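The values are calculated or read from the model by the stated rules, or taken from the named source; none is laboratory data. Keep in mind it's a predicted model, so treat the numbers as computed, not measured. So basically every Cβ, Gly included, is an ideal-geometry build from the backbone, and we count neighbours across all protein chains shown. Areas reflect the complete protein model, heavy atoms only, side chains present, ligands, DNA and RNA absent. Shrake-Rupley method; radii C 1.70, N 1.55, O 1.52, S 1.80 Å.
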Amino acid sequence: MAYENMTYPFLVDRMLQRISDYDQTIDTREGSIAFNAIADTAMELAIAYVELNNVLNESFVATASRQYILMGCRQAGMDITQFEASHGIHEGVFNVPVPIGSRWNYDIYNFTVLEQITDPNWPTMYVYTMECETAGSEPNIVAGDLTPIDETPQGLTFSKVLGCLILGEDEATDEEMREIYQDFVDNSVSDGNVAQYRLWCNEYDGIGN
């Protein structure tokens, strides 16, 4: 902290010392007129120094809180959406066709049907990709029977979510954001160099180094 020594006792002592330096006959003991005259000012100055120190810390990504880390990353030209939690893409299997966009439930998680795909393990069934409406990594291990939230398709007897095709990722922590920011500013990104390939990869969910 740049101003950690600027505490109320320190400021009071410094202000009282200046009074004594001017005239040693003035009573500066606690409760005296001189002491009471500067005590409130010293308290306000101490508060101001705390706020000033906070402003200083928030000016640098290394010491900033989350809001200002994001601002620093944005100012550096980074895509801050990479720090958001992502939605996992799951595989759902049904015995009848289901509408694209229909919603299904498993336990505390809801899923939206995206598109029909082919899975050789289920040649006689209807297989779809489904996006979990809950972002993050917790739903990645979900597997089990699905219940329709919308209208039940005619003839439905089998509906399951099998597993995760593209893992959902949790929101980046403050420390992770600082590391990505530092890597961004330490490595010039241009002309298809290694740093640019890493940046491209990290901008897509499920792709890393």
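For residue 204, the conditions (1) within 17 Å of the chain's Cα centre (by Cα); (2) at pLDDT 75 or above are fulfilled apart from (2). Conditions: (1) modelled with pLDDT under 90; (2) under 15 Å from residue 86 (Cα atoms). Residue 137 meets all but one. Number of the miss? Going through (1) modelled with pLDDT under 90; (2) under 15 Å from residue 86 (Cα atoms) one by one, residue 137 breaks only (1). All of 89, 69 fail the test of being under 26 Å from the mean Cα position of the chain (by Cα), open to solvent by less than 60 Å² (accessible area, probe 1.4 Å), touching a residue at least 60 places away in the same chain (Cβ under 8 Å) and under 14 Å from residue 161 (Cα atoms), apart from 89.
Quick one: count up the residues across the stretch 25-60 that are under 38 Å from the mean Cα position of the chain (by Cα) and either farther than 13 Å from residue 14 by Cα or loosely packed, with under 12 Cβ neighbours inside 10 Å (or both). Of the residues in the stretch 25-60, 15 are under 38 Å from the mean Cα position of the chain (by Cα) and either farther than 13 Å from residue 14 by Cα or loosely packed, with under 12 Cβ neighbours inside 10 Å (or both). Hey, does the stretch 146-160 have a residue that's touching a residue at least 24 places away in the same chain (Cβ under 8 Å) and at positive phi? Yes: the stretch 146-160 contains one or more residues that are touching a residue at least 24 places away in the same chain (Cβ under 8 Å) and at positive phi.
Yes or no: residue 134 surrounded by fewer than 17 Cβ atoms within 10 Å (Cβ to Cβ), part of a loop (DSSP other than H, G, I, E, B), touching a residue at least 24 places away in the same chain (Cβ under 8 Å) and not basic (Lys, Arg)? Against the criterion (surrounded by fewer than 17 Cβ atoms within 10 Å (Cβ to Cβ), part of a loop (DSSP other than H, G, I, E, B), touching a residue at least 24 places away in the same chain (Cβ under 8 Å) and not basic (Lys, Arg)), residue 134 qualifies. Quick check, is residue 104 of a type outside the set (A, V, I, L, M), surrounded by 12 or more Cβ atoms within 10 Å (Cβ to Cβ) and under 30 Å from the mean Cα position of the chain (by Cα)? Judged against the criteria, residue 104 is a match.
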